[in-house]
Each structure stands twice: as C-alpha cells, then as structure tokens.
Amino acid sequence: MAKPAAVQHVCTECGTSSGRWLGRCPGCGEFGTMLAESVPVRGAKPVAERRPLLRLVDVVAEESERISTGVPELDRVLGGGLVPASVVLVGGEPGVGKSTLLLNALGAISRERRALLVTGEESVAQVKLRAARLGGCDDVEILAETELDVVCEMLERERPAVCVIDSVQTLWSQEIGSAPGSVSQVREAAGRLLRVSKENGVATFLVGHVTKDGSVAGPRVLEHLVDCVLQFEGDRYHAHRILRAVKNRFGSTNELGVFEMTGTGLVGVPDPSEIFGHTHGGEVGAAVTCALEGTRPLLLEIQSLVAPTDLAMPRRVGTGVDPKRLAMIVAVLSRHAGLPLGAADVFVNVAGGVRIDEPGADLGIALAIASAAKGVPVREGVAAYGEIGLTGRLRPATQTDRRAEECRKFGISLVVGPEAETLRQALGAALADFAD
Ligand SMILES: Nc1ncnc2c1ncn2[C@@H]1O[C@H](COP(=O)(O)OP(=O)(O)OP(=O)(O)O)[C@@H](O)[C@H]1O
Ligand SMILES: [Mg+2]
C-alpha cells in the first residue's frame, strides 16, 4: 500500500512547523494560523567534500560599487544605492505603489546595465501600459512567469545586474506540494532566488504583500533570509508614500524616503518638512514636532481631537503613533498637567501617514492633545520636541542641534522642549492660554 503523503502544519505568520495541528502557534502565540502543508520531498543527503577552513585574513573581498537605482529616495533608504548581488524584500499593502516604484528604478538602471522584470501578477501588456505612463522604461527586459525553476534558470543564463520579482508570492515550485503563496512555497522561492542571486551576481528585489498587521505576508522567515527589508507605507487614498528600511545589512535602518504618487509615477519629495510641518494658524488641536527619522530631522504636524464620551473605557486612538506611548502620554497629561482626560476619547493623527517611533516626538503629541483638551490653539511658529517621563519631567530629545537647525530652516520662531524642565512648563510656554 502506498504511504500517504506526509503532512506538516506550518504557521502562516512565523513559519513554525509542527507534526500535528495546533490551535495556537507555539512560535508566535497566534491562534488559528497553523495550516496543513505536505512535507517537501528531500533528495539524498549530500556528502560533505573535504574542504580546508579559511581564515578571514586570507579571504579576498573588495567592496563592489553600489548601483544607483536612479530614484534618490530609494538609494537613500538602501544606504546609498543597491549593493550588487544583494536581495531586497519590498513589502507594502496592495495598491501602495510597489510595482510603480520598482519599474521606475528598473527603467533608470536599464540605461547602463541589464535590468529584468519578472512579473507573475500582471500581464506583459499591463506592465507595458504602466511603462508607457512612467516613461523611460524601453530597455527593461520582461518575463511573465510564475514557475520558480524557469525564473532561476533564466537568471542563471542571462545574469542581469538587477532583477525584480513581482511578487514572490506568485512563484511556485512543483517539488513543493502546496499552493502558491503558502509558507513553504514562499520560503522555497526566496531561498532559491537568494542562492541564484549570490552565485550569479544579480541584485534582486522581491516584492512581498503585507498582512493585516503590517508584516510582510506570511513567513517572517523571509525577513531573516534577505539582506534588506523595505516597507512601503501610506494609504492608497493619500498621495504621499513613505519608504523605510526595517532591516539593512549594508546601511542604517530608520532611513526614510518620501514620495508623492502622481499620474506619471512616484516623485521623490526631497523636503518633506515643507509639506508635513505646517499647521493652519490658530487651529485648536494641532501642533508641530520635529521627529528624527534615521539621519533626517522631519517637521510633522500632529493633530488631536478630544471629545467627551460615555464609554467606561475611553478610546485612545492614534494613527502613526505607538498605542502604548499614546496611553502613557494621556496618563501623564491627566496626572501631571491637570487635564481632565478620564471621561474623554482622545484621537491623534500624524500628518501624511508618517509613523513616529521615537520618544522625541512625545512633547509634540502631548501639546496637540493639550491644545484640543483646553480648546486653546498653540502659539504661532512653535515646534515642540522632547521625551516625556512618567514623573512629568522632560528629557531632552536626542540630536537637539539637528532638530533645531531644521526648525530654523522652516521658520519656526520658538522651540519648546529643550529649555523646559517639566511638561507643565512646556505646555505653558507653547499654548496661548494655559492656566496653571
Ligand atoms: N493613471 C494613474 N494616475 C495616477 N495614479 C495612478 C494611475 N494608475 C495607477 N495609479 C496609482 O498607482 C497605484 C498602484 O500602484 P502599483 O500597481 O504600483 O501598486 P502595487 O503596490 O504594486 O499594488 P499591488 O499590490 O496591487 O501589485 C494606485 O493605487 C494609484 O494610486
Ligand atoms: Mg504590483
């Protein structure tokens, strides 16, 4: 009797596998994410040939020149251009502009090097229409293919300098029994492409879709495999898009690229402070902060709404701010600045879909909330930054000089934060009428 095919259960979130089905993944603790997949058939174990070990001093390696993608904001996020033979995963929600960005880059690269687009999602004709809209993509080579073996063979044969796989979730290999997009297929595809890229000197962009919680779809194992993970953010209904590095083996993370989506493609925004850093004078509930995104200081408008509520657990909803940080700021405002927020919903929004993850912006967020709660506008030309401690004391934000410089550049006349000792003092200085 034929042996039934072996089945393993693999978590779609973190890739943990188990012999039996489990309601809760032991790896990441998510419920209902373990899906059955057939176990890939493994060939005979290879016999290790005897090879001498090397000492690092004997290894010859020269740093090869980076490839400019022709998109300055993308180069910046990559750490100064694309490293040859590296593998970069680009994640983002549907429609955010991943294909547009990478086709733009391929077009620029193809002027000097061979650039290949492997499309598994769109037909060649669809890509042609986009290329016609963007312009400058005539020399990009294109392959519409979803079978992994064919793609790998093509890369080995043609050895383009740069290749874009749009998307890694559409690739599938016959050897793996499961459906395209499943954890084992995606992992196999990424692993094989990684090997082929390194061996043939092909720098590869993998496009990956994003799950509801914002991580690159399915296996986080992908993020460990690749050299660089870029996240493309911003909602479809908004013209501005933010590109950031989540992981980078060749440069700093937290570097930020800002784009505007236009009819002719994505246009880089070299001075985002100009767009995001303005409030409409005299508006209640709006404040400007200077956040540090990577090496770049960025002026950001923060808006807040404080509304009375009958809910036993009032809402604290933030877009672009960490919920825990927001809860802490609201608590400190209630306790140490005397704001009655206990029976109010608090909403906070950061301009342009930017996400703030550094504590230096605390004071800006607190100022917007205080302004909304008091119904008093922030003074004209004020920006605020500084970290708020649980005791209501302020800690200076890092790299104050760079932030102050950016504020000066954009005509901010008063910076609140570096001088003030406590949250109360800072609010007093920034709000037109803050009664102690
Ligand atoms: N003619 C146009 N003029 C202006 N903007 C357009 C035009 N056509 C498409 N867009 C923009 O491009 C976006 C789609 O970009 P793109 O296809 O690159 O996204 P994607 O991230 O690759 O999406 P998917 O995940 O579906 O592949 C749309 O949301 C839209 O904003
Ligand atoms: Mg696409």
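The values are calculated or read from the model by the stated rules, or taken from the named source; none is laboratory data. All values derive from a computational prediction rather than experimental measurement. Note that each Cβ is placed from the backbone with ideal geometry, even for glycine, and that neighbours are counted across all protein chains shown.
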- Item | Residue check for residue 80: within 16 Å of ligand 1 (Cβ to nearest atom), over 22 Å from residue 193 (Cβ atoms) and surrounded by 10 or more Cβ atoms within 10 Å (Cβ to Cβ) | no
- Hey, among 144, 132, which residue is at pLDDT 90 or above and under 28 Å from residue 12 (Cβ atoms)? 144
- Message: Being of a type outside the set (Phe, Trp, Tyr), buried (at least 22 other Cβ atoms within 10 Å of the Cβ) and assigned by TED's automatic domain parsing to the domain that holds residue 135 is true for just one of 330, 258. Which residue is that?
- Response: 258
- Message: Looking for something away from ligand 2 (no atom under 15 Å from the Cβ), part of a helix (DSSP H, G or I), within 27 Å of the chain's Cα centre (by Cα) and farther than 22 Å from residue 227 by Cβ - is there at least one such residue anywhere in segment 124-143?
- Response: no
- Query: Just wondering, is there one or more residues in segment 120-137 that are closer than 15 Å to residue 165 by Cβ, within 15 Å of ligand 1 (Cβ to nearest atom) and touching a Phe, Trp or Tyr at 6+ places or on another chain (Cβ under 6 Å)?
  - Reply: no
- Item | Residue within segment 61-75 that is under 27 Å from residue 263 (Cβ atoms), surrounded by fewer than 22 Cβ atoms within 10 Å (Cβ to Cβ), within 16 Å of ligand 1 (Cβ to nearest atom) and in contact (Cβ under 8 Å) with a residue 40 or more places away in the chain present | no
- Filter segment 147-173 for residues that are away from ligand 2 (no atom under 16 Å from the Cβ) and small (Gly, Ala, Ser); the one that is modelled with the lowest pLDDT is 173
- Item | Search result, residues across segment 94-119 that are near ligand 1 (Cβ under 7 Å from one of its atoms) and among the charged types (D, E, K, R) | 98
- Quick check: anything in segment 391-402 modelled with pLDDT of 90 or more, crowded, with 23+ Cβ neighbours inside 10 Å and not in a loop (DSSP other than H, G, I, E, B)? yes
- Task: Spot the failing condition for residue 327; the list is (1) without any contact (Cβ under 8 Å) to a residue 60 or more places away in the chain; (2) of a type outside the set (Asp, Glu); (3) in a loop (DSSP other than H, G, I, E, B), and only one is missed.
- Result: (3)
- Residues 342, 338: which one is loosely packed, with under 15 Cβ neighbours inside 10 Å and under 13 Å from residue 423 (Cβ atoms)? 338
- Query: Applying the selection to segment 56-112, what residues are part of a strand (DSSP E or B) and under 22 Å from residue 233 (Cβ atoms)?
  - Reply: 82, 87, 88, 89, 90, 91, 92
- Item | Residue satisfying all of: in segment 241-269; closer than 21 Å to residue 135 by Cα and not hydrophobic (A, V, I, L, M, F, W, C); nearest to the chain's Cα centre (by Cα) among these | 241
